[in-house]
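The values are calculated or read from the model by the stated rules, or taken from the named source; none is laboratory data. Just so we're clear, the structure is a prediction, and the values are computed from it rather than from any experiment. Every residue, glycine as well, gets a Cβ built from its backbone with ideal geometry; the counts of neighbours run over all protein chains shown.
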Amino acid sequence: MIHAETANRTASLPPRTHGTGLNLFHVFVILLSLIMTVGAWQFSKYQIETRTEARFAVERDQVLGLITARMQKYEDVLWAGAATVESHGADITYNAWHTYASTLQIDKQYPGISGIGVTHFLDEDGLPDYLAKRRLERPDFRIHPEHDQADYIPITYLEPEAPNAAAIGLDLAFETNRRTAALASRDSGEARITGPIVLVQDAGATPGFLFYTPFYQGSVPATVEERRERIVGTVYAPFVTRKLMDGLLAKELRGVRFSIKDAGETIYDEHAVDDPLNDPDPMFSEEVLLSLYGRTWTLDMRTNIAFHEANTFAQPTFILLGGLVIEGLIIALLLLMARANQRSIAYADKVTAALKHESEMLTDANRKLFVNNEELEQFAYVTSHDLKTPIRGIGGLAEMMEDDLEEYFASPDANPDVAQNLGRIRERVRRMNELTNGIMEFSRIGRHAESETPVDLASVVDALRSDFAVTPEQLQMVGEIPPVGIDTFSFRRIIENLVSNAVKYHDGVRDLEIVVSAQVSDDRLQVSVSDNGPGIDPKYHGRIFEMFQTLRVGNAPESTGIGLAIVKKSIERHGGRIVMTSSPGQGATFGFDWPLARREPASFTVSEAA
C-alpha cells in the first residue's frame, strides 16, 4: 500500500534514470540458470531409471487395482442377489429370479461375467421335494451328473438362460473345485471363488472359475454349525478368465503384460510369442501374489516393447538442448525488461502523483461527510429534545382542562365528545413523546459506553418476563451462550424491541409463545426471536425496517415506526444484519448476529488503497 506521506515524498523526488544494459543481478541469474541446466542434464541420467521403475510400479498397481475392483464389483452384485433371494423368504421363484436378473443388464453393466444364478444345498431326503417344485416351473428340469457325494448342490436358475442352458441342473458337488469353494462359502458366510475349472457352457473349454455368496434361512448365523444347519444355497456367477480380463483393460493401452496362475495352473496368459508388443528382454518383471476370496493368484508381470520405447535414455539430451534454448530466451527477456524498466518507473511516478492528488481530495470529502453526519445526528437529537417541551405543555393543558371540566363531565348535559377529544389529545401527546424518544435514541446509536459489564442473555430474558408480566412458558430461552460484552446497552434494546413487538401485536388467537434462541458461530452470536403471532405478509418485509413505517391493522396498538429501524441500525453498526421469516397466520422469526469479540472499527482512506 502507498500511504499519503509516502506519496508526498515520492512526488518530490527528482526524475530517475536507468541504463538499458544488464546489471550484476541479471548476470547472476543467467549463470545460475546455466549451472542448473547442466546439473539437470547430469542428474536426469540417474533419474531416468528411477522414474521408469516408478512407472512400472504404477502400471503394475493399476492392473492389480483393476482386478481387485472388478472382483469387488461382482461380489456386490452377488450379495445383492443373495439379499433378493432372502427377501423372498429364501425361496425365490423362477419368474422372480428371471425378472431380477433382467434388471441387472449383465451384458452391459458386468462385462466378463457369463451369468448370474442360484444353487441350493440338498441332502438325499430333500431331493424329491426339490425336484417336484422345480418341475412345476420347468417340467424337463433334471439334476446331473450322478456322483457318490452325500450332498447335492444343483444349479437351480442361471440367467441369461439361453447361452447357459447346459449348466441348468448341474450338480456342483460332482467336481472337487466347485464343491470345495461352495462348502467354504457356506461355512464362512463369505464370498469365495473356485480353483481353475472349465465351464460346461464354454465351447472353447478355456480356464474359468465360479464365484459364490451364500444365503441362509432366517437371521444371519453366527457359528459354523449354525451356517451348516441353516444354509439354503448360494447366488453364484460363472467366469471365463479370458473374457473377464479382456473387459478389464485393453492390452494396447498398457505397457505391462501379465499371466495368472492358480495353484500352479495357468488360467490367463498374455505372454504370447506372436504378440507384436511382446518383449523377450523386458526392462522390468515381477511376480505378485494376489489373495482373492480364498484363493491366491500368482501374477507374472512384465513390461512390453511399448513401455521400452516410451522410456528411452534420449531424454537427458533433450533436457540439455531445451535448457540452452530457454537460456537464450531468458537473456532476450532480461534485455527487454531492462529497456522497459525506465519507462515503467516514469509511469509509476506519474500514477503516484495523480493518486496522491486524488487521495487528498477524497480524504477532504470524507472529513466533510463525517462532519455533516455528526451535525445531522446532533440536529435530530436537539430537535427531538426541544420538541418535548411543547409536547409536555400540551399534555399539561389537557390535564388542566380535564380538571376544570370535571363538574361539567359529571352533569347529565355534558357532551361526551369533549371528554373523548381530550382523551385523544392525551393519546397524541403520548405518541409524540414516544416518537421524539425514538428519534433521540436512533440519533444516539453508537454513543453509549461500550465498556459496560458483560450481560447474560438468559438474565435479559428473565427480566423481560417480569417487565411484560409473562410466564416462562410464554417467553422461553433456548441455548447456553457466553456473556455478551460488546455494546450491551444496544444489545439489550434489540432484544427488548423484538420481544415487545411480539407481545404488543399478539392477536390472542392462540396462547402467546415467544422463543429466544442463540448459538455461537465462530466469533459471532446468532440470535433469533420467534413468536406465534398473526405474521407479516412478505411484501411488507422490507418496509417494516424503515423509519416511521408501521403496519397497524384493525385494533392493533399504534406504533411510532422507529423501534425496528433502531434494531436494524444497531445491528448493522456492528457488522451484522437482521433477517425476518414470516407469513400471514404463521408467526414471525427475527434473526440477527452480534459480535462476541471486539474489533477495531473499519477505517479507509484512498491513500491506503493503492
Residue list for region 269-306, filter: among the hydrophobic types (A, V, I, L, M, F, W, C) and touching a strand residue (DSSP E or B) at 6+ places or on another chain (Cβ under 7 Å):
M283, F284, V288, L289, L290, L292, W297, L299, M301
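For (1) modelled with pLDDT under 75; (2) assigned by TED's automatic domain parsing to the domain that holds Q519, each residue gets a yes or a no:
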site: P416; (1), (2): no, no
site: A419; (1), (2): yes, no
site: E441; (1), (2): yes, no
site: V455; (1), (2): no, yes
site: D467; (1), (2): no, yes
site: Q474; (1), (2): no, yes
site: I481; (1), (2): no, yes
site: I486; (1), (2): no, yes
site: F491; (1), (2): no, yes
Being in a strand (DSSP E or B) and either without any contact (Cβ under 8 Å) to a residue 24 or more places away in the chain or out of contact with any Asp or Glu (no Cβ under 9 Å at 6 or more places or on another chain) (or both) is the filter here, so list the residues in region 78-118 that pass it.
V118
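Out of I331, I319, I345, I need the residue that is under 45 Å from the mean Cα position of the chain (by Cα), more than 22 Å from E59 (Cβ to Cβ), of a type outside the set (S, T, Y) and not assigned by TED's automatic domain parsing to the domain that holds F258. Which one?
None of the others qualify; the one that does is I319.
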Report the residue count in region 249-274 for those that are β-branched (V, I, T) and closer than 24 Å to L210 by Cα.
3
Only one of (1) farther than 23 Å from E161 by Cβ; (2) out of contact with any helix residue (DSSP H, G or I) (no Cβ under 9 Å at 6 or more places or on another chain); (3) not in a strand (DSSP E or B) does not apply to E190, and that is (2)
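Could you pull out the residue among I143, I168 that is surrounded by 13 or more Cβ atoms within 10 Å (Cβ to Cβ), under 53 Å from the mean Cα position of the chain (by Cα) and among the hydrophobic types (A, V, I, L, M, F, W, C)?
Working: I143 fails: under 53 Å from the mean Cα position of the chain (by Cα).
Matching residue, one of I143, I168: I168.
Please determine whether any residue of region 293-308 is closer than 23 Å to A237 by Cα and β-branched (V, I, T). Give the steps one after another, and end with the answer.
So the first thing to find is which residues in region 293-308 are closer than 23 Å to A237 by Cα, and the list is 293-299.
Among the residues that remain, those that are also β-branched (V, I, T) are: 296, 298.
Scanning region 293-308, I find at least one residue that is closer than 23 Å to A237 by Cα and β-branched (V, I, T), so the answer is yes.
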In region 264-282, which residue that is modelled with pLDDT under 90 and of a type in the set (A, V, I, L, M, F, W, C) is farthest from G65 (Cα to Cα)?
V273
